[in-house]
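Notes to accompany the following structure.
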Amino acid sequence: MNKISSREITVGEGDLTLDQIVAIARGKAMVSLSPSPQFRERLEKSRKALDEAMKHDVPVYGVTTGYGKS
């Protein structure tokens, strides 16, 4: 079992590198969300769009459908 290190990768402050994605996937880094107001606003807009889609029974891949299902 992999132990999570003290390495922290912040999402929302720029592009992630392949090495960062691999570290997260392998449990070698923790993930945090950027406290940036601009990033938090984008998250909120996305959440509202998702809520609206679900309210109107619009299929949303990976949320109202399974991953990889057609």
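The values are calculated or read from the model by the stated rules, or taken from the named source; none is laboratory data. This one's a predicted model, so the numbers in the text were calculated from it and none came from an experiment. Glycine gets a Cβ as well: all are built from the backbone with ideal geometry, and neighbour counts include every protein chain shown. What goes into the accessible areas is simple: the full protein's heavy atoms, side chains included, and nothing from ligands, DNA or RNA. Shrake-Rupley method; radii C 1.70, N 1.55, O 1.52, S 1.80 Å.
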Selection status of Pro35, assigned to a loop (DSSP other than H, G, I, E, B), open to solvent by 70 Å² or more (accessible area, probe 1.4 Å) and at pLDDT below 95: no
Count of residues meeting criterion [small (Gly, Ala, Ser) and under 20 Å from Val63 (Cα atoms)] in segment 17-51: 2
Inter-residue pairs, beta-carbon under 6 Å, first free of Cβ contacts under 8 Å to residues at least 40 places away in the same chain and in segment 40-68, second open to solvent by 70 Å² or more (accessible area, probe 1.4 Å), 6+ apart: Thr65/Pro59
Select from segment 6-32 the residues that are part of a helix (DSSP H, G or I) and either surrounded by fewer than 10 Cβ atoms within 10 Å (Cβ to Cβ) or not β-branched (Val, Ile, Thr) (or both) and list them in ascending order. Leu18, Asp19, Gln20, Ala23, Ala25
Residues that are closer than 27 Å to Ile9 by Cα and acidic (Asp, Glu), drawn from segment 20-70: Glu41, Glu44
For Lys3, state whether it is modelled with pLDDT of 90 or more, in a loop (DSSP other than H, G, I, E, B) and out of contact with any Phe, Trp or Tyr (no Cβ under 9 Å at 6 or more places or on another chain). no
